[in-house]
Amino acid sequence: MSQGVNTSELAQMEAPSEAVNPEHGLPESFGEGFLGRLLFWIAVSFSTFQIITSFGIPLDQPFIAGLSLTHLFAVTMVAWAAWLIGLAVRRRSIVDGAMAWVAIAVAFGLVLWFGGSMPSQVVRTLHVGFLCLVAGAMIANHRSGSSSLRAVGWIVGVASFLVGLYHWLHYEELVVRAGDLTTLDLVVGIAALAILIYLVWRVMGPALPIVAGLFLSYCLFGDYLPAPLDHRGYSLEQVIEHMSFGTEGIYGTPTLVSATYIFLFILFGAFMEKAGVIDFFNDISMAVFGDKQGGPGKVCVASSALMGTVSGSGVANVVASGQFTIPLMKRFGFKSAFAGGVEATSSMGGQIMPPVMGAVAFIMAETIDVPYSKIVEAAIIPAILYFAACYLAVHLEAGKSNLRGLPKSELPNAWTEMKKKWFLLAPLGVLVYLLFAGYTPLFAGAVGLSLTVALILGTAIVAGFGTQALRIAFWIGLALVAAYSLASTVTLVVLVVAALSLWNAFTGRGRTTLQACVDAMADGARQALPVGLACAVVGIVIGTMTLTGLGTIVGTWMISIGKENIFAALVLTMIFSLILGMGIPTIPNYIITSSLAAPILLQLDVPLIVSHMFVFYFGIMADLTPPVALAAFAAAPMAKESGLKIGIQAMKIALPGFVIPYMAVYDPTLMLQPVPGLEGAGYWLAVVYIVVKASLAMVLWGVASVGYFLKPLAWWERIWAAVAAGLLVAAIPLTDEIGFVLSALFVGYHVWQTRRIAKPAVG
C-alpha cells in the first residue's frame, strides 16, 4: 500500500483546534497581554527556584579564590539592572526585562534567606505555594469570563503562595512550637487545605478533592462510626497541625518527591524536546519501522517507547506524538478507534519505560526506600513485553487488513539521521550510566539537565563557526570541560552552562536559543501542575492513614481474605485501583492504593517491589479502562472517534499489561527479583523460562484478540488460543505443561492449514 504522506500538513489538518492539556483541560499557554507575561515569568521563577534547590549546591560555598555563587549572582544582577536602566534612559520598553529580573531575584532570594541551603520542609511548602500560584493564575487567565473573576483567581493563587511564604518566614518558630499552634497558624493551616482542594477541583475535576475530603472528614468525625471503623477522635487543631504542618500531610513524601525528582525530570523532558530529541525519535522510528507491515502503527509504538525513555508522562505522550501518528495511521488504512487505541496504549507505556519512568517510580523508590535503579531493573522485562504486545497487535491488525509498509523513498534514512543527530542521545546516555552506577536520581537528573542545556547552547554556538575543524575542536573542548566539572563538583557544571549562556547572549542566533531555554523552563513549570497538585492533595489521604490507623483496619480485612485466597486479594486490589483510577490520575491512585494494599500484599509474601509494581501497573491501566479512560479520551479529538471505542481497543491491545502483574506476583523472576533457593545459573534459567512463557502467552492473546495469525482465525481457533494463553498464566500445577502442548498444537495446526490453503494458488 503506497501513499504520499505530508506529515506536517496532515497533523495540522486533523489536530484539535485548540491545544489543551487533557490532564487539566487548560490551554498550553499562559494567556495574553500583561497578565500572560506575568504568569510566564512566575513560571520561570518557579523553575529557577526548583533547579537551585534540586541541585543542592550551597550558594554561599566558596569555590574559586573565596568567591561563591552568591557573589557571581550579585554581580550578574547588578549588571543586568544597569543594562535595564540604560534601556529605560534610551526610552526602550523594559517591562518584560524587569519582570524577568524580579523573577530570577525572587527565586535566588528565597534560597539566600537561608544562607544558600534551604531546609526540606520549606522547599516543600514553597513548591506547593508556587504550584497553587501558577494554577490560580492559569484559571484566572483562561477560564474567567470577567475581570472580577480574573482577580479572584489571582487572589487565590497569591494567597496560597503567601501560605508558603509564612512557612519560609517563620520556619524556626514553627519548629520550636511544633504541636502547639497559634491562632494565626490555625488560620494559615486551614487556608492551605481549603485553597489546595479548591484549586485541584478547578484544575483536575471533582474526583480527587472528593476523595481527599472524605478522608479529611474521617479524621474529624470518624469517632462517631461503628467499630471497627471508629477511632479515638481528633480535634480540629490536631488535624490541621498534622495535615498542614510537618511532613505527614500535604507536605509529605509525595510532595518531597514532586519538589525534587519529578520536577527535575519534567524539566529534563522539556529541554530534551527543545533540543529536538522528540523529532529525532520520530525520524528514527519512521526510518526503521515505516516500511514494515502496518508501518505507521509500528512507528507509533516505537516513537512512544522512545519518548517514554525521557518523558514518563502517558497522557502528555498521547498529545505530543498523537497529533502526528494518529492521522498518519488513519490515512494509511487503520480504523480510527484502533489508531487511537494504539497511541493511547503505547503512550501510557511511557510510565513503565526505563530509564525515566513515570513520576510514580520516583515516589515508589522514596516510599519503600530502595534505589531508583532497582525500580528500573524490575520494570525492564515487563516494559519490553508491554511494547512488544502493542507492536504485535499492530502487526496482526495490519495483516488482517492487508496494510503493507510505506515506500522507502518516502522515509528518512536511519543512518543519515544518526550521523546528523547522534549527539542528542549523549545526555540520556549519561543519565542511564549514572542511574545504574549507583548515583541518586537527583544527581543523575541534575547532570542530565545540565548536559542537555549545554548541548542546546553549544549547538547554537557551533552553528556560527565557519569550518568543520572549529566545530570539532569546540565539541571536544566542551566534552573535556564537562567531564572535568562532573569529576570535581556540580558547581563547575553550572558555571559551564552560565559561560555558554553568556556567549549566546552576544549573537542573534544565541539569543533565540536562550529564549527557547527560558520557554522550556516555563513549560516545565506548567507541565508540573497536574503531578504536583495531585502529590500535595493526596497527602491528605496519607496523613489520614498515619493519624487514624485506617490502613490497619483495611489491611486486617484484606489479610483475612488473602489468607484464604491470595488471588482474591489481588483481584480486589486490581478492582479498587481501576475504580479509583477512573476519577483520579495515576500518582494519587498509586499512593492511595499502595498505602492500603501494598503492605498487605507484602504480608502475604509478595516481594516488596512486586507488590508496589502491581498497584502501579493497574493505576496505569485505569487510564485505558472505560468508561473513564483519560488516555483514550485524550486521543479522541485527534482520532475523531468516540473515547469509549478507543478505550475498548486500548484494553484489547494492552491485555498483557493486565496479566503481567499477576504473573510477577506468582513468579517474581519476571521482575528480576530474588527468589529463595535460586541462585546463579539456576536463577537466570528461571528468568528465561518465565520470559518465554509470558511472551508465548502474549502472542496467543494477541492472536485471539485480533482474530488473525498467518490467516484469519475461526471463532473456535480464537478460543483455542485464548485457553492456551490462560493456562500458561495460571499458577496451578500442570497448567504450564498443558498450555505449552495446546500452544504447540495450535501453531502446528494453523501453519498446516495456511500451507494447505495456499497450495492450489501456487499451482
With the convex hull built on the alpha-carbon atoms of the chain, volume per residue in Å³ sits at 196
Calculate the FRET efficiency for ALA498 and ARG404 from the Cβ-Cβ distance with a Förster distance of 41 Å, rounded to the nearest 0.05. 0.20
Reachable lysines from LYS274, criterion Cα separation under 17 angstrom, eight or more residues apart if same chain: LYS420, LYS421
Report the charge-dipole magnitude of the range 134-288 in Debye, nearest 20, computed about the Cα centre from +1 at each Lys and Arg Cβ and -1 at each Asp and Glu Cβ. 520
At a Cα cut-off below 17 Å, give the lysines reachable from LYS330, other chains included and same-chain residues fewer than 8 away excluded. LYS292, LYS298, LYS400, LYS640, LYS645
Give the separation of the Cα centroids, the range 637-688 to the range 367-444, in Å. 17
Given the peptides 159-167, 102-110, arrange them by the average over their residues of other C-beta atoms within 10 Å, most packed first. 159-167, 102-110
Just want the answer: with Cβ charges of +1 for Lys and Arg and -1 for Asp and Glu, which residue in THR513, GLY445, LEU39 is farthest toward the dipole's positive end in the chain? THR513
Volume per residue, Å³, of the convex hull around the alpha-carbon atoms of the range 56-169? 122
Taking the range 361-501, the equivalent ellipsoid from its C-alpha gyration tensor has semi-axes in Å, biggest first, of 35, 28, 10
What is the dipole size for the chain, taken about its Cα centre, with +1 at each Lys and Arg Cβ and -1 at each Asp and Glu Cβ, in debye to the nearest 20? 2400
What ³J(HN,Hα) values, in whole Hz, does the Karplus curve 6.51 cos²θ - 1.76 cosθ + 1.60 give for the range 340-352 when θ = phi - 60°, with x put for Gly and Pro? x, x, 4, 5, 4, 5, 5, 5, 5, x, x, 6, 10
Residues with amide H under 5 Å of TYR708's amide H, sequence separation 5 or more or different chain, H placed in the peptide plane at 1.01 Å from N; which? LEU713
Can you tell me what percent of all Cα-Cα pairs in the range 189-230 are more than 13 Å apart? 59
With a 10 Å radius around each residue's Cβ, average the other Cβ atoms per peptide and rank 437-445, 192-200, 255-263, highest first. 255-263, 192-200, 437-445
What number, rounded to the nearest 500 deg cm²/dmol, is the helix-based mean residue ellipticity at 222 nm of the chain, given -39500 (n - 2.57) per DSSP H run of at least four residues and division by all its residues? -24500 deg cm²/dmol
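Where a number appears in this text, it was derived from the coordinates with a stated rule and is not lab data. If you're wondering where the values come from, they're calculated on a predicted model, not measured in any experiment. Neighbour counts are summed over all protein chains in view; Cβ atoms, including those assigned to glycine, are modelled from backbone coordinates with ideal geometry.
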